[in-house]
Amino acid sequence: MSVTADLRLWQIVEDAAAHVTDEAGRFRRSDLEAELRERLADEDLDVHVRSAAVGKLAGSLVRGFGERRSPKPRRRASMFHPQGILKLGGGVWVWMEHATPTDLLEWGRLSTRNLAKVAVAEADRQDYVAERLDAFRLHSGLTHLGELERAVYGYTGPDPAGFGGGGQEP
């Protein structure tokens, strides 16, 4: 998939999000999905952009498939299901039916590493929230996070249209 087509696809998503956003800056995921579905169904959509969209769709469907098939802790029953999938890292998955002791050990280790990453990210998120709420209390005239970030924390980054998500996809 070309970088240009990928960028154009994300621009279509950005435009759709702006279209469904209300005056208070809120929008519903379902409205965004409906608007995006309509824009992607446009007959005039460039073939390269359509291809990029299909690539994103395929990735999303595969992720969803893996999530649905990943074992979930259960109270009384075993986590085993023959069509369950263990994710072993590096894009390697194994059907539970065929998992070896080594696979099981790797799956457990990966789960522990992921839990640790989630815990660190959650601590960072909660620190950020607590710090910003304290700043809102100290600066009661500010009512929106954007105002607070600019006035108190000196944010001078690009407009929201230039969002890069800190290296993550939008």
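The values are calculated or read from the model by the stated rules, or taken from the named source; none is laboratory data. Only a predicted model underlies this, so the values are computations on that prediction, with no experimental measurement involved. Counting neighbours? That spans all protein chains shown, and the Cβs are built from the backbone with ideal geometry, glycine included. Protein only, heavy atoms only, side chains kept; ligands, DNA and RNA dropped before computing areas. Shrake-Rupley method; radii C 1.70, N 1.55, O 1.52, S 1.80 Å.
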* Asked: Kirkwood-based Rg over Rh for region 12-154 (C-alpha set), two decimals?
  -> 1.10
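In Å², what does the accessible area per residue of region 15-86 work out to with a 1.4 Å probe?
On a per-residue basis, region 15-86 sits at 79 Å².
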* **Reachable lysines from residue 117, criterion Cα separation under 17 angstrom, eight or more residues apart if same chain** => 87
* Label-point separation, residue 126 to residue 81 (7 Å along Cα→Cβ), nm -> 3.1
* Structure fact -> Excluding residues fewer than 8 positions from residue 56 in its own chain, the aspartates and glutamates with Cα under 12 Å of it are 6, 169
* Filter the DSSP H helices in the chain by two things, a Kyte-Doolittle mean of at least 0.0 and an axial alpha-carbon span of 18 angstrom or more, and list the hits by number. => 3-20, 47-69
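How many times 2.2 N^0.38 Å is the alpha carbon radius of gyration of region 1-49? List each step's numbers first, then the result.
On the way: Rg = 11.8 Å, N = 49, 2.2 N^0.38 = 9.7 Å.
Rg over 2.2 N^0.38 Å, computed on Cα atoms: 1.22.
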* Structure fact -> Mean shadow area (nm²) of the C-alpha convex hull around region 18-90 is 8.7
* Rounded to the nearest 10 Å², the accessible area of residue 19 at probe 1.4 Å -> 120
* Span from the region 117-131 Cα centroid across to the region 41-112 one, whole angstrom -> 27
* Structure fact -> Once 96, 79 are ranked on solvent-accessible area with the largest value leading and a 1.4 Å probe, the list reads 79, 96
